[in-house]
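All remarks here apply to the structure that follows.
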Amino acid sequence: MDLLPIFVVIFIFQVFILKQPVPNLTDIAIGTFFVVLGLTLFIQGLEKSLFPIGENMANAFARKGSLLWLLIFAFSLGFGTTAAEPALIAVADEAARIAAEGGLIHMADDAKASYAMGLRLTVAFSVGFAILLGVLRIIRGWPLHYLIIPGYLGVVAMTFFAPDTIIGIAYDSGGVTTSTITVPLVTALGVGLASAIKGRNPMTDGFGLIAFASLTPMIFVMAYGMIL
């Protein structure tokens, strides 16, 4: 049911607007089957594993009462999940290829690999910092907009000084971090932590970590481009 609107739109435009037959119908049917199967297994995995793990670890750290270890865990979780994010890997590799073709870096494979890895590590570090900051916000009870509004003002200000070649990549980096691996674990961490701390509301305090994960990569990647 979730995928049906996508298929309907593609079919209508292919047949009635472009007026062309659907190419490779057999391959598309096989691919569709794998997409449905993959999404089904992914959703089951979230419900059975990732969400419970995130909430249980947040509760355990809250009971342990160690702020330092909780912040280290928050940073490590953000860094690790982002570094393994398939969408970020794809964008970093594409950015390296375009940068090489545009003459910004050498065409050699090691130069492109170094550029892509530098971009991935920058984004991963920024998300780790974002999750650390978000966890600290939950613990201290800071209003979300006190951090989000200055952050986006900083993004706008940096846009005027960052190289044109990095701005688009920086803005896209804020989107690709909030994907299949990062979102479930980070959301579960925030909700679990807010549920475990007395005086915190999971609905008002538990959410908002993903906003930080989308914001900080734009700042860090523009700074990365300005430094390079």
Matching residues in segment 5-47 (part of a loop (DSSP other than H, G, I, E, B) and among the charged types (D, E, K, R)) number 1
Residue under question is A130, and the condition is that it be surrounded by 22 or more Cβ atoms within 10 Å (Cβ to Cβ) and aliphatic (A, V, I, L, M); does it hold? yes
Consider segment 101-149. How many of its residues are free of Cβ contacts under 8 Å to residues at least 40 places away in the same chain and closer than 18 Å to I210 by Cβ? 5
Per the list (1) touching a residue at least 40 places away in the same chain (Cβ under 8 Å); (2) within 27 Å of I6 (Cα to Cα); (3) of a type outside the set (V, I, T), residue check on L67 breaks on (2)
Between I98, I12, I6, I17, which is at pLDDT 80 or above, over 27 Å from the mean Cα position of the chain (by Cα), open to solvent by 80 Å² or more (accessible area, probe 1.4 Å) and of a type outside the set (D, E, K, R)? I17
Unique match (being over 20 Å from A84 (Cα atoms) and open to solvent by less than 40 Å² (accessible area, probe 1.4 Å)) among V135, V123: V135
Pairing a residue in segment 202-228 that is among the hydroxyl-bearing types (S, T, Y) with any residue that is outside any helix (DSSP H, G or I) and modelled with pLDDT of 85 or more, where Cβ atoms lie under 9 Å and the two sit 6 or more apart in sequence or on different chains, gives T204/L144
Scan of segment 158-201 for residues that are β-branched (V, I, T), without any contact (Cβ under 8 Å) to a residue 60 or more places away in the chain, over 14 Å from G54 (Cβ atoms) and open to solvent by 40 Å² or more (accessible area, probe 1.4 Å), ordered by number: T178
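The values are calculated or read from the model by the stated rules, or taken from the named source; none is laboratory data. Predicted model, so just to flag it, every value in this text is computed and none were measured. FYI the Cβ positions are ideal-geometry reconstructions off the backbone, even for glycines, and counts take in every protein chain you see. Keep in mind that these areas ignore ligands, DNA and RNA; they rest on the heavy atoms of the full protein, side chains included. Shrake-Rupley method; radii C 1.70, N 1.55, O 1.52, S 1.80 Å.
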